[in-house]
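Inspection log for the structure reproduced underneath, given as structure tokens.
The values are calculated or read from the model by the stated rules, or taken from the named source; none is laboratory data. Owing to the predicted nature of the structure, the values given are computational and were not obtained by experimental measurement. Glycine gets a Cβ as well: all are built from the backbone with ideal geometry, and neighbour counts include every protein chain shown. For the accessible areas, the whole protein counts, side chains as well, though only heavy atoms, and no ligand, DNA or RNA atoms are used. Shrake-Rupley method; radii C 1.70, N 1.55, O 1.52, S 1.80 Å.
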Amino acid sequence: MAFSLGVVGAGQFGGQFSHLFRLHPGVSSVVVVDELPERAASACKQWGLDGVLDSFEDLLASDVEAVAVFTQRWTHGPLVERALRAGKDVYSAVPMAVSEEEISRIIDAVRETGNVYMMGETSYYNPATVYAREQHAAGRFGRVFYSEGDYVHDMDLGFYDAYRYSGGESWKETASYPPMLYPTHAIGGVLGAVPSHAVSVSCVGVSDDRGDGVFDKGVSMFGNDFSNATALFELNDGGVMRTNEMRRVGYPSHIRESRFRFFGTEASLEQLAHVTVWQDKKDVQDISALMETRPSIPLDDPSLANVAPELRDAFVSGLAPVHDPGRLPEEFRGAPNGHEGSHHFLVDDFVTAVNNRSLPPVNAWVAARFTLPGIVAHESALNGGERLPIRDFGDAPPTL
């Protein structure tokens, strides 16, 4: 059993993922569409895809069975809803959407159509999250009462080039994207291990002072001047989660841009750039080796020519010892991976869900719990840190 797929957006991630989808035995063909036709044609040739379509509308009207969205982050919600309503199963890059209304409309579309939706959150497969999920399931933490998730990525380490690549002449307007509207790498790594959800938040945003036109309210299409933000969430189980979204920070984000901490009544896990420890009431165990990913391709691989050198680690990091490679298709051996070994699992989980007509791990209801807290946190920051409630859309249904 296999299905056809159309990739929307042939940029840095769209191209890499189109290659993995094409390799997967559960996918019969892959076509691509991009607002820049030459970019779509280049991706098609580079990755051996099966064709190029002229527009998103042409894709929706075609007999292609599934769609993978890799467009600008604030465009995902409407594109995803349209694809679901057109009868397509949908994989979407993060974030799910940029408003509660868009999230609600996606969930309604999934419920009403019965189509598969999956958000491609890399942190769900982050080695620390995988390890913490296993320890939590085994009851070794006791009660997790406090957790932290950080997405710490300095603009100077590749983001300027990335925004120039995706934004063209108006890149500064989009480079000011509010940090808390891109919350899923931080939140998803925590809630992907501890099955709870946020019910309220207080957030403080830090206004930027670089003065280079980025994070400038007068330039920003989002009216945003926050380059860093910190949020404190109350969880439904009585615990607390804190997240940081940082874009101006002295930290080697090319080594590890997402990092996590979990504190339980019986044991804890703490992670820094190079060191991860598991500790209980008797001892501290260095588990850094279990978190260490192996490169999947060289940093100078020709396929990374359009990726800033400071960002290439995110495109080459392969599996860590804590991962289970046995569940992946043989065709992925030696294929490019990225974001601490997550790319292969993201593709495989979506393909498996579509072919089995099952709910993927980061389905629409889980994606809402990873995304909406950041949207509300940004609103809190705009209101001086006011504590605000967070809507929950409930658990996913048992089946599609």
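Annotations for the structure displayed:
- Local net charge near Asp349, Cβ-Cβ under 15 Å (Lys/Arg +1, Asp/Glu -1): -1
- Equivalent ellipsoid semi-axes, region 27-94, via Cα gyration tensor eigenvalues times 5, rooted, Å: 19, 14, 11
- Per-q log10 I(q)/I(0), region 1-146, q = 0.15 Å⁻¹ (Debye; single scatterer per alpha-carbon; no solvent): -0.78
- Each residue of region 265-355 gets 139 Å³ once the volume of the Cα convex hull is shared out per residue.
- The tail of the calculated P(r) for region 315-400, taken as Cα-Cα distances beyond 15 Å, holds 69 percent of the pairs.
- Taken over the C-alpha atoms, region 1-61 has Rg and Dmax values of 10.5, 32 angstrom.
- Only Cα sites of region 245-400 enter the Debye sum here, all with the same form factor; the resulting log10 I(q)/I(0) across q = 0.10, 0.14, 0.19, 0.20 1/Å is -0.54, -1.06, -1.32, -1.31, listed in q order.
- Peptides 180-186, 151-157, 256-262 ordered by average Cβ neighbours within 10 Å, highest first: 180-186, 256-262, 151-157
- Cβ-defined net charge surrounding Asp301, 14 Å radius [Lys, Arg +1; Asp, Glu -1]: -1
- In region 61-106, one over the average inverse separation of all distinct C-alpha pairs is 10.6 Å, which is the Kirkwood hydrodynamic radius.
- Accessible surface calculations at 1.4 Å, restricted to protein heavy atoms, place region 103-223 at 35 Å² per residue.
- C-alpha center-to-center spacing [region 202-280, region 1-65] in angstrom: 34
- For Leu49, distant residues with modelled amide H under 5 Å away: none
- Computed over region 141-224, the quotient of the alpha carbon radius of gyration and 2.2 N^0.38 Å is 1.35.
- Of all DSSP bridge pairs formed entirely within the chain, close to 60 percent run antiparallel.
- For peptides 39-48, 8-17, sequence by mean Cβ density within 10 Å, most packed first: 8-17, 39-48
- The value for region 189-335 of Rg(Cα) / (2.2 N^0.38 Å) is 1.30.
- Positive contributions from Lys and Arg (+1) and negative ones from Asp and Glu (-1), summed over other residues with Cβ under 14 Å from the Cβ of Asn244, come out at +1.
- Annotation: peptides 19-27, 364-372, 107-115, 137-145, ranked by per-residue average of other Cβ atoms within 10 Å with the highest first, follow the order 364-372, 19-27, 107-115, 137-145.
- Accessible area (Å², per residue) of region 313-373, counting only protein heavy atoms and a probe of 1.4 Å: 29
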